[in-house]
Amino acid sequence: MKFNRRQFLGQAGVGVLAIGAVSMLPASAQAADSVDLAALLKPGPLGDNMMGDPKAPITVVEYMSLTCSHCKHFHDTTWKPFKEKYIDTGKVHFIMRDFPLDPLATAAIMLAHSAPNDNFFPMVDLLFDQQEKWAFVENPVPALLDLAKQVGFTQETFELTLKNQALLDAVNAVKERGANEFGVNSTPTFFINGSRHPGALSIEEMDKLLAG
């Protein structure tokens, strides 16, 4: 497991750069449209990672990448008040889905899916909170291992996860379906009852959209 950041990102090609450029546009600059909600809510090969009441009147689906600075901005500024105001009160059923922008983000989300004791969301929180320590360093694997150990991974389970071809295929399938069927081309992208809203939405923007 001796990968450096250049080797990880070198596999991604220019397509990742194009996606990253799109994700830098403010939410107001990108048109929202709608998709079929029933199709959107069909789980992928890994099932869905969800929070809140499945019978809530509003379902919010987020496609995100763990190496995306805009996703981190949403996590740092909007996620906590959004969760407290809407998910914890039963107003929103929230689903988080994979849309890794590069192989390093793919490795990170594979670890989140395999986190011991169903610690998917705590692992995602940790990876966003510590993003600068693993996503933008020369040798990301030791940094990822250190973080993974905090949620119960061992060296062996860490390496087995990153070599899990079936898990990799499933993550890629979620991303490809998001792009091909639902028009996801940037992160984060939110679907609010099927209406697509790209960009790192503020809590004020969320308030307006959820009240509409």
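Data overview
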item	result
Enumeration of residues in the stretch 47-58 that are in contact (Cβ under 8 Å) with a residue 24 or more places away in the chain and either buried (at least 21 other Cβ atoms within 10 Å of the Cβ) or outside any strand (DSSP E or B) (or both)	ASP48, GLY52, ASP53, PRO54, LYS55, ALA56, PRO57
Sole exception among (1) open to solvent by 60 Å² or more (accessible area, probe 1.4 Å); (2) within 19 Å of MET51 (Cα to Cα); (3) within 19 Å of the chain's Cα centre (by Cα) for ASN119, by number	(1)
Count of the stretch 122-136 residues which are touching a residue at least 40 places away in the same chain (Cβ under 8 Å) and surrounded by 20 or more Cβ atoms within 10 Å (Cβ to Cβ)	4
Residue pairs meeting the criteria (Cβ under 6 Å; at least 6 apart or on separate chains; first more than 22 Å from PHE182 (Cβ to Cβ), in the stretch 60-89; second open to solvent by less than 10 Å² (accessible area, probe 1.4 Å) and part of a helix (DSSP H, G or I))	LYS72/PHE128; LYS72/GLN131
Those residues of the stretch 90-104 which are closer than 14 Å to GLY52 by Cα and either in contact (Cβ under 8 Å) with a residue 60 or more places away in the chain or open to solvent by 10 Å² or more (accessible area, probe 1.4 Å) (or both), in sequence order	GLY90, LYS91, VAL92, HIS93, MET96
LEU104 closer than 27 Å to ILE203 by Cβ, under 17 Å from the mean Cα position of the chain (by Cα), not small (Gly, Ala, Ser) and not in a strand (DSSP E or B)	no
The stretch 189-212 residues that are under 17 Å from THR89 (Cα atoms), paired with ones that are among the aromatic types (Phe, Trp, Tyr) (beta carbon under 7 Å, 6 or more apart)	ILE203/PHE82; MET206/PHE82; LEU210/TYR86
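The values are calculated or read from the model by the stated rules, or taken from the named source; none is laboratory data. Values in this document were obtained by computation on a predicted structure and should not be read as measured data. Note that each Cβ is placed from the backbone with ideal geometry, even for glycine, and that neighbours are counted across all protein chains shown. Just the protein is used for accessible areas: all its heavy atoms, side chains included, with ligands, DNA and RNA removed. Shrake-Rupley method; radii C 1.70, N 1.55, O 1.52, S 1.80 Å.
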